[in-house]
Amino acid sequence: MKLQKPKGTQDILPKESAKWQYVEAFARKTFGKYNYQEIRTPIFEHYEVISRSVGDTTDIVSKEMYDFYDKGDRHITLRPEGTAPVVRSYVENKLFAPEVQKPVKLYYMGSMFRYERPQAGRLREFHQIGVECFGSSNPATDVETIAMAAQFFKEIGIQNITLHLNTLGNSASRAAYRKALIDYLTPLKETLSKDSQRRLEENPLRVLDSKEKEDKAAVENAPSILDYLDEESQAHFDSVRAMLDSLGIAYVIDTNMVRGLDYYNHTIFEFITEVSGSELTICAGGRYDGLVEYFDGPATPGFGFGMGMERLLLVLDKQGVELPVAQGLDVYIAVLGQEVNGKALEITQALRNQGFKVERDYLGRKLKAQFKSADQLNAKTVIALGDSEVEQGQVTVKNNQTREEITVSLAELTGNFKEIFEKIN
Ligand code: ATP
Ligand code: MG
């Protein structure tokens with residue numbers, strides 16, 4: 001057995017995790033402005049929660065699930081995406097009840113699992129930040145949610161990101177389109193990939209989503225869903241477009257975009273950017289008006305998106321966006337001699353209790369090495385503590401940048417460091 005991380009997973013070490021925390025906090029702040037609240041669901045679910053809602057013929061369900069039978073012989077899967085679990089929870093916890101304010105706006109962040117071929121921006125354990133909004137079929141909800149993602153990307157500093165928009169219409173429009181697509185693809189069947197030949201029978205819209213070259217060529221002149229929208233579907237799409245225009249949110253219409261999950265209807269969208277010459281989808285979502293009912297809840301419209309954390313960080317990195325991650329200590333305490341070890345602990349704790357970020361030496365190192373640590377840890381102030389300081393009841397607090405110093409009593413230090421700290425910084 002190899003004592004290494006499984007293929008397609010990552011350890012997030014402290015330098016990176018500071019960025020993760022920043023991005024997560026940024027998302028919480030942005031989503032909060034739109035009155036979203038956090039939901040946390042289990043990392044594993046009953047297989048059935050995912051299989052039929054996401055779609056038996058999707059790549060996620062047919063190839064990428066981490067499923068197993070537990071010791072009680074239950075068919076379990078690690079969650080591959082966030083929407084189905086949140087809908088399951090919405091229904092199970094009766095958030096549809098009249099006393100719960102509508103729409104119900106929920107966000108989540110956490111690990112997702114898909115058995116895929118790992119590459120840049122594609123892992124087996126990856127992380128999504130996602131949102132779901134239940135109870136509004138108003139196209140303003142579609143637009144507000146897309147605008148929220150756009151605001152997030154803009155304010156965090158991502159550039160050259162394009163909103164791709166499409167509609168799948170309601171079920172009548174989709175059925176009409178499905179038929180047209182079968183008529184178009186059937187004569188081309190021999191040219192399609194093996195997977196798409198199968199998809200043609202099971203779920204022809206999936207062929208549009210294929211990443212295979214031969215399939216991409218075949219669907220180039222495929223009929224457009226926009227020619228098959230009925231009145232309701234057309235009206236919804238027109239409203240979404242008009243409202244995006246009125247907010248000044250640019251988009252391109254991409255009629256071959258169908259999304260990798262079966263539960264969508266009406267509006268679907270992706271935010272796509274370019275990394276090292278190829279397109280990368282950072283965020284994707286849309287409307288899913290049938291999903292709550294599918295989980296045996298009352299008919300409830302839904303809208304949401306998921307964004308890939310690793311892809312987001314990849315793009316931020318490639319675009320040279322420096323995240324303002326907090327760093328540095330308020331105080332470093334240099335400890336001179338084993339005799340003052342206990343006193344150093346007391347002082348360190350007293351300063352931490354006053355709210356300061358403090359580190360000290362534990363290893364009895366030479367003073368020079370300790371000062372070097374203070375520099376490397378970006379300490380704003382340094383205090384050296386030895387026998388004589390303890391005897392005299394006084395220490396010198398040094399500003400580690402300006403080298404300015406003040407001498408204060410131990411009582412002042414442990415009693416009211418705030419005043420001293422402000423005086424010297
Ligand atoms: P793709 O077409 O790239 O496989 P998808 O349609 O399967 O994407 P969704 O299920 O819509 O992706 O997931 C939403 C977002 O989650 C994606 O846009 C992407 O940013 C991220 N994501 C999906 N799968 C992975 C993965 N294996 N590794 C990292 N991020 C992922
Ligand atoms: Mg995928």
List S233, S278, ordered by accessible area with a 1.4 Å probe, largest first: S278, S233
Length added when fully stretched, Y22-Y294, from 0.36 nm per residue minus Cα-Cα: 94.3 nm
Label-point gap, in nm, between S388 and E404 - each point 7 angstrom along Cα→Cβ: 2.5 nm
For the stretch 132-146, Karplus couplings with θ = phi - 60° (6.51, -1.76, 1.60), whole Hz, Gly/Pro x: 9, 10, 10, x, 10, 9, 4, x, 4, 5, 4, 6, 4, 5, 5
Phi-based couplings in Hz for the stretch 363-372 (Karplus 6.51, -1.76, 1.60; Gly and Pro marked x): 10, x, 7, 4, 4, 4, 5, 5, 5, 5
Largest-first principal axis extents, alpha carbons of the chain, Å: 92, 53, 47
Centroid-to-centroid separation of the stretch 265-336 and the stretch 179-214 [C-alpha atoms, Å]: 30 Å
Mean separation of Cα contacts under 8 Å (6+ apart) over length of the stretch 329-424, as relative contact order %: 31 percent
Solvent accessible area, Å² - R311, 1.4 Å probe, full protein context: 50 Å²
Taking only Cα atoms of the stretch 329-424, radius of gyration then Dmax in Å: 11.9, 31
5 angstrom amide H check on N170, placed H, neighbours 5+ away: D230, S233, H266
Total formal charge among the other residues, if their Cβ is under 13 angstrom from that of R117, Lys/Arg +1 and Asp/Glu -1: +3
Residue-level accessible surface for F295, protein heavy atoms, 1.4 Å, Å²: 30 Å²
Label-point separation, A235 to D375 (7 Å along Cα→Cβ), nm: 7.2 nm
Over the chain, relative contact order from alpha-carbon pairs under 8 Å, at least 6 apart, %: 14 percent
Computed magnitude of the charge dipole of the stretch 8-58 (debye, nearest 20; Cβ of K, R +1, Cβ of D, E -1): 380 debye
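What ranking of H266, H46 comes out by heavy-atom accessible area, probe 1.4 Å, highest first?
The ranking, largest first, comes out as H46, H266.
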Whole-number percent relative contact order across the stretch 371-425, with pairs defined as alpha carbons under 8 Å at least 6 apart: 27 percent
Net charge of Cβ neighbours under 10 Å - reference D262; Lys, Arg +1; Asp, Glu -1: +2
Dipole of the stretch 132-283 [Lys/Arg +1, Asp/Glu -1 at C-beta], most positive-end residue of P187, I272, L226: P187
Binned Cα-Cα distances of the stretch 168-325, short to long, each 10 Å bin given as a whole percent: 9, 32, 34, 20, 5, 0
Farthest toward positive dipole pole in the chain [+1 Lys/Arg, -1 Asp/Glu at C-beta], among T407, H75, L316: T407
Per-residue ³J(HN,Hα) for the stretch 235-243, Karplus 6.51 cos²θ - 1.76 cosθ + 1.60, θ = phi - 60°, Hz, x for Gly and Pro: 5, 4, 5, 4, 5, 4, 5, 4, 6
Packing rank of 57-64, 152-159, 364-371, where each peptide gets the mean count of other beta carbons within 10 Å, highest leading: 57-64, 152-159, 364-371
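The values are calculated or read from the model by the stated rules, or taken from the named source; none is laboratory data. Given the structure is predicted, the values throughout are model-derived calculations rather than measurements. With ideal geometry, Cβ positions are generated from the backbone for all residues, glycine too; neighbour counts draw on all protein chains shown. Please note that ligands, DNA and RNA were not included when accessible areas were found on the heavy atoms of the full protein model with its side chains. Shrake-Rupley method; radii C 1.70, N 1.55, O 1.52, S 1.80 Å.
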